[in-house]
1. For region 65-132, which trypsin sites (Lys or Arg not before Pro) are both in a DSSP coil and crowded by at most 16 other Cβ atoms within 10 Å?
2. Taking the alpha-carbon set of region 239-291, what are its Rg and Dmax in Å?
3. Radius of gyration and Dmax for region 180-241's Cα atoms, expressed in Å?
4. Can you pull the three principal axis extents for the Cα set of region 246-361, in Å, largest first?
5. How about Lys50: which aspartates and glutamates have a C-alpha closer than 16 Å to its C-alpha, ignoring those fewer than 8 places off in the same chain?
6. Compute the signed sum of charges (Lys and Arg +1, Asp and Glu -1) over the other residues within less than 12 Å, Cβ to Cβ, of Ala96.
7. Which loop GluC sites (Glu not before Pro) in region 226-263, with loop taken from DSSP, have no more than 13 other Cβ atoms within 10 angstrom of their Cβ?
8. By how many nm would the segment from His22 to Arg316 lengthen if fully extended, with 0.36 nm per residue of separation less the alpha-carbon distance?
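Every number here is computed from the coordinates shown, using simple stated rules; none is lab data. Model, not experiment: these values are computed from the prediction. All Cβ positions, glycine included, derive from the backbone under ideal geometry; neighbour counts span all protein chains shown.
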Amino acid sequence: MAQALYRKYRSQTFEEVIGQEHVTTTLRNALREGRIAHAYLFSGPRGTGKTSTARILAKAVNCLHPDPAQRPDNSCPICVAVNEGRLVDLVEMDAASHTSVDHIRELIERVSVAPAEARYKVYVIDEAHMLSNAAFNALLKTLEEPPPHVIFILATTEPHKIPETVLSRCQRFDFRRIAAHRIVEHLAHILAQEGRDAERAALEHIAFAAEGCMRDAVSLLDQLLSFGGERITLEQVESVLGMVPAATLARFVDAMMARDPGQMIAQVQELITQGTDLRQFSQQLVRYLRDVLLVRVGGREVLPDLPAERAAVLERQAQGLSPAFLVQAIKRLNAVASEVRSGVDVQLALELALVEVVSASRTAEEQQPAVASASSAGQAPAETPAEAVTAPTPPAGDAEALERLRRQWKQVIQWFREHRRFKIQAALGSARPVQVMGDQVELVFKNQFSLDMVQRPENLRQVELVISQVLGSTYKVACFLEADYQPGQTTSTGATAAPPPSKSRMSEVLEDDLVQEAVKRGGRIINIQ
């Protein structure tokens with residue numbers, strides 16, 4: 001069986017630990033001066049060297065080399081035994097699977113036994129935050145005053161879950177995410193040792209995907225070596241990761257700069273044809289826009305580890321997009337994930353978000369010249385609500401939009417059928433659009449029950465999303481009973497329509513807390529007196 005690369009190239013000395021010099025320098029100085037603590041806490045993101053450093057420390061405190069500055073030497077019997085995993089005085093415990101107080105009591109019973117071979121008995125407790133409160137309490141006294149031949153090393157990715165009473169008894173070392181260029185250098189070193197080669201861009205892509213985790217980067221490299229071919233290419237990395245190429249993301253942002261929603265929608269359709277996961281794409285697009293924003297507000301130096309070609313593209317796009325636009329786009333695209341969880345189709349949610357972002361920016365740009373001309377004429381510009389600056393406002397009485405909606409009304413209903421929203425589908429079957437006024441679409445219903453069904457907040461939001469997608473902008477929906485509908489009456493939104501219809505008796509009953517609780521417990525409404 002072949003050995004995994006992350007195990008084969010695991011750090012064996014303090015010098016080999018990458019990106020954690022603030023930790024290794026302190027530990028080496030403490031060893032040289034004989035200032036060894038009885039308990040350590042190594043905290044930080046996964047794959048940054050916590051467990052490897054714990055093993056190196058266990059070797060160093062027990063190494064037989066006469067010069068403390070040369071420990072561990074990896075040649076004495078103790079170091080060799082640790083490297084081969086057979087030193088009985090090095091005890092590693094996974095707290096994720098040994099969480100109970102009984103496991104800790106068993107460990108405490110063995111603590112008093114003297115080391116069999118080494119100078120110190122070292123206990124490494126990985127994922128220490130997984131221990132129960134009772135286990136932590138049982139460990140406290142031993143952790144505070146252990147026998148002189150015992151050293152505890154706790155490793156965790158979530159130090160905030162460690163009790164303060166435990167933290168105060170340990171020397172804490174915080175491990176940091178590893179810089180991308182350091183990961184690239186290490187991956188190139190591994191490839192040289194393995195007699196393989198890779199494109200620089202491919203290694204940079206691996207490093208960015210690892211997000212500062214060296215173990216993830218090396219594991220991905222191991223997978224790519226098995227992918228085939230003498231040379232690892234950027235196309236192979238993107239294929240294995242299932243990621244959208246950076247060039248595609250750049251084209252998407254260029255379409256945003258051009259305020260061209262049609263081009264963006266076409267690119268979404270192309271991604272679907274290629275089998276791309278739109279959820280992952282939307283997350284990648286948010287991260288890409290975040291990089292553009294950082295370059296826009298902080299300059300190129302904010303992202304020092306970027307490849308030169310990608311940095312040049314980001315700088316060009318940052319000059320063409322305002323911080324306000326980028327913040328709005330990131331916020332809106334981030335909301336796509338929550339909309340998908342609530343039952344909205346991911347393609348619909350993403351396309352609607354893209355249209356909203358571009359439409360909002362167009363509206364703001366169109367209003368700026370009007371304000372400037374009023375100021376130049378010596379007139380104070382009229383006050384505009386914040387909503388008018390950020391929300392698209394179609395012209396009042398939009399007959400063309402109404403006609404488009406009427407032509408596609410069956411498709412609107414069919415969408416709810418395809419997504420198994422049968423109650424909404426049935427309710428909309430008794431409705432018809434009668435007017436598009438401002439940013440509001442007015443629907444009339446033949447019966448009160450269907451109207452009440454659509455007016456439920458969660459249902460109404462989905463109807464608004466689908467209609468907005470059809471019309472290509474953001475709209476609210478107002479519902480009216482056909483028998484009472486009379487254009488020309490004012491609603492709370494400022495549009496002209498009929499007064500809100502009265503609720504049916506069934507709706508009033510269903511709003512009662514006791515009735516809702518009874519229905520949840522399996523009850524049925526048979527008759528209303």
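1. On the way: sites: Arg86, Arg105, Arg110, Arg119, Lys121; in loops: Arg86, Arg119.
Filter output for region 65-132: Arg86, Arg119.
2. Rg then Dmax for region 239-291, in Å: 10.7, 33.
3. Here Rg and the maximum Cα pair distance are 10.0, 27 Å.
4. 41, 28, 25
5. Reachable aspartates and glutamates: Glu15, Glu16, Glu21, Glu92, Asp94, Asp126, Glu127, Glu158, Asp174, Asp216.
6. Working: positive: none; negative: Asp94, Asp126, Glu127, Glu158.
Taking every Cβ under 12 Å from that of Ala96, the sum is -4.
7. Numbers: sites: Glu230, Glu235, Glu238; in loops: Glu230.
Here the GluC sites (Glu not before Pro) that fit, given the DSSP loop and packing criteria, are Glu230.
8. Values: separation 294, 0.36 × 294 = 105.84 nm, distance 3.65 nm.
Length gained between His22 and Arg316: 102.2 nm.
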